[in-house]
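Take a look at the structure below.
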C-alpha cells in the first residue's frame, strides 16, 4: 500500500479530457522538462520545494509528477506532512504518461 495517494496516467488523462484542470506540479529538473514537458504543469524542481512550498495551495488537489514516479512520491509525502491533504502522486511518472496516456509526449 503506497504511503501517498496515487493516480494512474490513464485516469488523469480521462479527468483532463473531461475538462478538469487539477494543479499539476512537475518536480523534475528544467533540463528534463525541456526534453518532455508535461501539459499544463508548473515546474518546481524537487530540491526547491522546501523553499518554495509557500507558493502552493495546501487546500487544492496537487498531482505531483516526475520521470518515473519516485521523486514525485517523495514530494507528495513531504507535502502531506506539511498539511497538504490532497497531494497525489502520478504513478509511473511522465514515462508511464507517454506510454499509456499521451504518446505525443516524448520518452527519454
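Ranked by Cβ crowding within 10 angstrom, fewest neighbours first, how are 108, 78 ordered?
So the residues, fewest neighbours to most, are 108, 78.
Against the 2.2 N^0.38 Å scaling, with N counting residues, where does the chain land? I'd like the Cα-based Rg ratio to two decimal places.
This ratio for the chain stands at 0.97.
Could you work out the relative contact order of the chain, using alpha carbon pairs under 8 angstrom and six or more residues apart, expressed as a whole percent?
Dividing the mean separation by the residue count of the chain yields 34 percent.
Taking the number of other C-beta atoms within 10 Å as the exposure measure, put 98, 72, 54 in order starting with the fewest.
Neighbour counts put them in this order, fewest first: 54, 98, 72.
Fewest to most neighbouring Cβ within 10 Å: what's the order for 23, 38?
23, 38
Values quoted throughout were computed directly from the atomic coordinates according to the rules given, and no laboratory measurement underlies them. Values in this document were obtained by computation on a predicted structure and should not be read as measured data. Heads up, the Cβs are rebuilt from the backbone with ideal geometry, glycines too, and the neighbour counts pull from every protein chain shown.
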